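Undergrad: One structure follows; several queries about it will come next.
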Amino acid sequence: MSTVLETEEHQALRAAVAALGKRYGRDYMTTVIREGSHTHELWAEAAKLGYLGVNLPEEYGGGGGGMAELSIVLEELGAAGSPLLMMIVSPAICGTVIARFGTDEQKQKWLPGLADGTLTMAFGITEPDAGSNSHRITTTARRDGTGPDADWLLTGRKVFVSGVDIADATLIVGRTEDARSGKLKPCLFIVPRDAEGFGRNQIDMELHAPEKQFELVLDDVRLPAEALVGDEDAGLLQLFAGLNPERIMTAAFGIGMGRFALGKAVEYARTRQVWKAPIGSHQAIAHPLATAHIDLELSRLMMQKAARLYDDGDDIGAGEAANMAKYAAGEACVKAVDQAVHTLGGNGLTREYGLASLITASRVARIAPVSREMILNYVSHQSLGLPKSY
């Protein structure tokens with residue numbers, strides 16, 4: 001894929017991460033999944049090379065970059081067949097929120113570990129009856145006592161939380177009561193994995209991935225006052241400071257997966273011969289692959305725009321672009337995987353080529369962290385100014 005819009009530093013980062021991904025590849029990922037293990041080796045090496053914390057502040061051991069750099073890392077690992085899903089969560093969402101809004105103590109405690117990979121943090125927002133609608137979240141936090149040093153008690157449920165079993169803590173989106181209005185407002189809390197009352201149950205998924213999905217039950221989880229991230233009155237701002245990177249990184253995840261599938265299909269179309277000619281010489285094969293390539297390139301352009309806007313501090317502009325990038329990448333990923341499998345025919349369903357499992361995995365980019373329909377709602381309301389239907 002073309003990199004003419006990227007700096008020399010970005011191109012060098014892309015090449016270096018691609019080389020790392022090639023050393024692991026799809027075989028590594030499928031082995032990890034088959035054994036029910038985790039991608040500890042790849043995670044540790046990516047961290048050692050400075051890739052996991054490339055977006056975090058230099059004073060805390062990070063690379064001092066932003067979403068532009070982190071999205072390159074995830075995209076290239078995905079294009080090699082070894083995407084690290086927890087990159088979307090730990091450095092992109094949690095690391096960004098703590099770096100922007102955390103107290104000095106929270107930054108010192110978490111950011112160096114998130115940067116060097118020795119600490120991992122999960123993110124819990126989705127609820128059984130609310131989805132990702134922050135206005136319907138019922139997980140609530142209340143003070144046990146008065147004064148700024150009083151403990152918090154956190155109660156509620158979360159679903160589809162990735163990697164809780166390997167995370168040192170989970171950044172939980174809850175709601176607190178505004179004393180002035182009586183209304184609930186969103187707030188973020190750092191909940192340690194071993195906190196009393198913090199239970200988890202693994203969700204049985206058809207999707208096979210190293211990162212497991214969990215339902216969380218918070219039963220009066222007692223947290224110290226300093227577990228609250230940032231300002232109690234800046235909840236929505238802090239929440240969306242994490243959700244925009246989540247959408248940008250999900251776009252990178254989808255683009256990487258789409259590139260991997262397309263690469264397999266192109267290689268097959270070049271070499272597979274029927275009637276004395278490679279099947280790629282037939283337009284019925286070539287044109288759909290060319291279309292998939294175009295869609296992935298266009299998705300990447302929007303992802304780069306979203307990353308640039310976010311890194312420049314334009315949260316409103318980044319919100320629109322990040323949603324569009326996630327939508328475009330999700331569609332492009334699903335279509336690329338589908339066309340790749342179709343190009344290989346029966347071989348596309350074999351373990352040898354490693355594409356069949358992506359039929360399910362590619363849907364993640366369409367569904368999570370927000371569905372394509374909700375993105376269309378966002379664009380129709382926010383970008384086009386059309387009235388809401390709800």
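Undergrad: Hey, can you tell me all the residues within segment 349-372 that are of a type outside the set (A, V, I, L, M) and either farther than 18 Å from R247 by Cβ or open to solvent by 60 Å² or more (accessible area, probe 1.4 Å) (or both)? Let's see the steps before the verdict.
TA: Looking only at segment 349-372, we keep the residues that are of a type outside the set (A, V, I, L, M), and these are 350-354, 357, 360, 362-363, 366, 369, 371-372.
T350, R351, E352, Y353, G354, S357, T360, R363, R372, listed by residue number.
Undergrad: Right, something else. Output the number of the condition that L111 fails; it satisfies all remaining conditions of (1) open to solvent by 10 Å² or more (accessible area, probe 1.4 Å); (2) aliphatic (A, V, I, L, M); (3) over 28 Å from L207 (Cβ atoms).
TA: In the conditions (1) open to solvent by 10 Å² or more (accessible area, probe 1.4 Å); (2) aliphatic (A, V, I, L, M); (3) over 28 Å from L207 (Cβ atoms), L111 misses (1) alone.
Undergrad: A further question follows. For the list (1) in contact (Cβ under 8 Å) with a residue 60 or more places away in the chain; (2) more than 21 Å from F160 (Cα to Cα), I need the number of the one condition that V379 fails.
TA: Only one criterion in (1) in contact (Cβ under 8 Å) with a residue 60 or more places away in the chain; (2) more than 21 Å from F160 (Cα to Cα) is unmet by V379, namely (1).
Undergrad: Does I203 fit the bill of being over 30 Å from D149 (Cβ atoms) and modelled with pLDDT of 95 or more?
TA: Numbers: over 30 Å from D149 (Cβ atoms): yes; modelled with pLDDT of 95 or more: yes.
When the stated conditions are applied, I203 passes them.
Undergrad: Further question on the same structure: If you check every pair at least six apart or on different chains, which have Cβ atoms under 7 Å apart with a residue in segment 339-350 that is within 10 Å of I285 (Cβ to Cβ) first and a residue that is assigned to a helix (DSSP H, G or I) and of a type outside the set (A, V, I, L, M, F, W, C) second?
TA: These pairs meet every condition: Q339/P288; H342/G348; T343/Y268.
Undergrad: Cβ-Cβ distance below 7 Å, separation of 6 or more or different chains: which pairs start in segment 67-92 with a residue that is without any contact (Cβ under 8 Å) to a residue 60 or more places away in the chain and end on one that is in a helix (DSSP H, G or I) and among the hydrophobic types (A, V, I, L, M, F, W, C)?
TA: E69/L13; L84/L42; L84/W43; L84/A46; L84/L74; L84/L77; P91/L70; P91/L114
Undergrad: Of all residues in segment 196-241 being within 30 Å of G313 (Cβ to Cβ) and outside any helix (DSSP H, G or I), which is least open to solvent (accessible area, probe 1.4 Å)? Walk me through how you get there before you give the answer.
TA: Filtering segment 196-241 down to residues within 30 Å of G313 (Cβ to Cβ) leaves 225-241.
Those still in the list that are outside any helix (DSSP H, G or I) too: 228-231.
On the way: L228: 18, V229: 1, G230: 23, D231: 85 Å².
So the residue we want is V229.
Undergrad: Say whether the condition of being part of a helix (DSSP H, G or I), basic (K, R) and either over 26 Å from E45 (Cβ atoms) or in contact with a strand residue (DSSP E or B) (Cβ under 6 Å, 6 or more places away or on another chain) (or both) is met by at least one residue in segment 102-122.
TA: Our first condition is that a residue be part of a helix (DSSP H, G or I); within segment 102-122, this holds for 104-116.
Filter once more, so that each one left must be basic (K, R): 107, 109.
Then keep just the ones that are either over 26 Å from E45 (Cβ atoms) or in contact with a strand residue (DSSP E or B) (Cβ under 6 Å, 6 or more places away or on another chain) (or both); that gives none.
So far as segment 102-122 goes, no, none of its residues is part of a helix (DSSP H, G or I), basic (K, R) and either over 26 Å from E45 (Cβ atoms) or in contact with a strand residue (DSSP E or B) (Cβ under 6 Å, 6 or more places away or on another chain) (or both).
Undergrad: Could you grab the pairs with beta carbons closer than 7 Å, sequence gap of 6+ or different chains, first residue in segment 98-115 and under 10 Å from V229 (Cα atoms), second one modelled with pLDDT under 95 and among the polar types (S, T, N, Q)?
TA: F101/Q238
Undergrad: Here is a further query. Scan segment 242-296 for residues that are touching a residue at least 12 places away in the same chain (Cβ under 8 Å) and aromatic (F, W, Y) and jot them down.
TA: Answer for segment 242-296, where residues must be touching a residue at least 12 places away in the same chain (Cβ under 8 Å) and aromatic (F, W, Y): F253, F260, Y268.
Undergrad: Is it true that L119 is open to solvent by 20 Å² or more (accessible area, probe 1.4 Å) and in contact with a helix residue (DSSP H, G or I) (Cβ under 7 Å, 6 or more places away or on another chain)?
TA: Details: open to solvent by 20 Å² or more (accessible area, probe 1.4 Å): yes; in contact with a helix residue (DSSP H, G or I) (Cβ under 7 Å, 6 or more places away or on another chain): yes.
Judged against the criteria, L119 is a match.
Undergrad: For segment 345-390, which fully contained helices (runs of 4 or more DSSP H) count at least 1 residues that are among the aromatic types (F, W, Y) and within 16 Å of I248 (Cα to Cα)?
TA: Values: elements: 356-361, 364-367, 372-378.
Counting at least 1 such residues, we get 372-378.
Undergrad: Could you please find all residues in segment 151-195 being part of a loop (DSSP other than H, G, I, E, B) and touching a helix residue (DSSP H, G or I) at 6+ places or on another chain (Cβ under 6 Å)?
TA: The initial filter retains those residues of segment 151-195 that are part of a loop (DSSP other than H, G, I, E, B), namely 163-168, 178-183, 193-195.
Hit for segment 151-195 is G163, nothing else.
Undergrad: Would you say L84 is closer than 26 Å to P210 by Cα and open to solvent by 20 Å² or more (accessible area, probe 1.4 Å)?
TA: On the way: closer than 26 Å to P210 by Cα: yes; open to solvent by 20 Å² or more (accessible area, probe 1.4 Å): no.
When the stated conditions are applied, L84 does not pass them.
Undergrad: Okay, next question. Restricting attention to segment 314-333, and to residues there that are part of a helix (DSSP H, G or I) and free of Cβ contacts under 8 Å to residues at least 60 places away in the same chain, which single residue is surrounded by the fewest Cβ atoms within 10 Å (Cβ to Cβ)?
TA: The first filter runs over segment 314-333 and keeps only residues part of a helix (DSSP H, G or I), leaving 315-333.
From what's left, free of Cβ contacts under 8 Å to residues at least 60 places away in the same chain: 316-317, 321, 324, 327, 331.
On the way: I316: 11, G317: 16, A321: 24, M324: 21, Y327: 26, E331: 17.
Checked segment 314-333; the qualifying residue surrounded by the fewest Cβ atoms within 10 Å (Cβ to Cβ) is I316.
The values are calculated or read from the model by the stated rules, or taken from the named source; none is laboratory data. Being a predicted model, the structure only gives us computed values, none of them experimental. Neighbour counts are summed over all protein chains in view; Cβ atoms, including those assigned to glycine, are modelled from backbone coordinates with ideal geometry. When the accessible area is computed, the model is the full protein with side chains, heavy atoms only, and any ligands, DNA or RNA have been set aside. Shrake-Rupley method; radii C 1.70, N 1.55, O 1.52, S 1.80 Å.
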